[in-house]
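Beneath this line is the structure, given in structure tokens, with notes to follow.
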């Protein structure tokens, strides 16, 4: 009866202002103590995801980061307790050259297979401790696990229109709540990474539960539903995300995740 519970972080596990609900924390601790495999399926890098694990006392065997491009595995020999077990990369040159003319005022960040980040001016709201600022032309030329683009001068609808007109090929991408674009290797997303995790753990499809609130959760929802699992959309999720889910709970401010976990 052990379940695989894959949780998005921002807007699902924690509030948008990064505070943590006591009710959500209590339910996460309870279901983990009951023997379920509770893990993260996040767009965050490992460097910011590991702090979330610590806040909730989570110790899963695997953690899905960077929208599926990185899977960490528990390893007591590592300083953080985890090692980079699977990393998917691609050559970012073509996608950077495609995006730049459409978003000339955008800011860019490229994360490599080791987690090191190179970024251009304007990436002020991102975790940049293991990073260096470079010119745009210095972003390409090495394998990337992730490319992030932000355009704060655009609202979400304007940004959506621009991105859909780019004709991005050979990559997977998702669009955030605000004007930011997250790009991963082709065919890589939270769903593909969790599929690998489920196979490694040997957990049946109907015993999978995933929860999220963003467009980068769409493929994860579709995967969970396809194997007979549960896909839970948070109440504040966009309509297209809710439509891909098998059920909808309350918003993050209403402790929607706690409601779902309490029923397990």
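Values quoted throughout were computed directly from the atomic coordinates according to the rules given, and no laboratory measurement underlies them. Just so we're clear, the structure is a prediction, and the values are computed from it rather than from any experiment. Backbone-built Cβ (ideal geometry, glycine too); neighbour counts: all protein chains shown.
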- Item | Virtual spin-label span in nm between residue 80 and residue 247, 7 Å along Cα→Cβ | 3.3
- Item | Spin-label model distance (nm) - residue 23 vs residue 55, 7 Å beyond Cα toward Cβ | 1.8
- Note on the structure: Listed residues 31, 110, 162; largest mean-square fluctuation, Gaussian network over the chain with Cα springs below 10 Å, found at 162
- Item | Protection-proxy order for peptides 195-201, 35-41, each taking the mean of Cβ atoms within 10 Å per residue, highest first | 35-41, 195-201
- Task: Have a look at 77, 26, 193 and tell me which one the Gaussian network model of the chain (Cα, springs below 10 Å) gives the largest fluctuation.
- Result: 77
- Message: Restricting to Cα pairs below 8 Å that are 6+ residues apart, what does the relative contact order work out to for the chain? Please round to a whole percent.
- Response: 19
- Query: Anyone know which of 11, 212, 68 comes out most mobile in the 10 Å Cα GNM of the chain?
  - Reply: 11
- Remind me, relative contact order of segment 93-185 in percent, using alpha carbon pairs under 8 angstrom and six or more residues apart? 28
- Which residues does a label at residue 161 reach in segment 212-256, if reach means a backbone N under 20 Å from a point 7 Å past the Cα toward the Cβ? 239-240
- Message: Given points 7 Å out from each Cα along the Cα-Cβ axis, report the residue 125 to residue 226 separation in nanometres with one decimal.
- Response: 3.2
- Note on the structure: per DSSP, antiparallel bridges as share of beta bridges in the chain, % nearest 5, sits at 60
- Enter the angle in degrees (range 0 to 90, nearest 10) between the Cα long axis of helix 190-201 and the first principal axis of the Cα atoms of the chain, meaning the one along which they spread out most. 40
- Please report how far the C-alpha centroid of segment 129-162 lies from that of segment 239-263, rounded to the nearest whole angstrom. 30
- Query: Rounded if a/c is under 1.5, else prolate if a/b is larger than b/c, else oblate: which is the chain, with a ≥ b ≥ c the root eigenvalues of its Cα gyration tensor?
  - Reply: prolate
- Roughly speaking, what is the stretch gain from residue 33 to residue 263, that is 0.36 nm per residue apart minus the C-alpha to C-alpha distance, in nm to one decimal? 81.3 nm
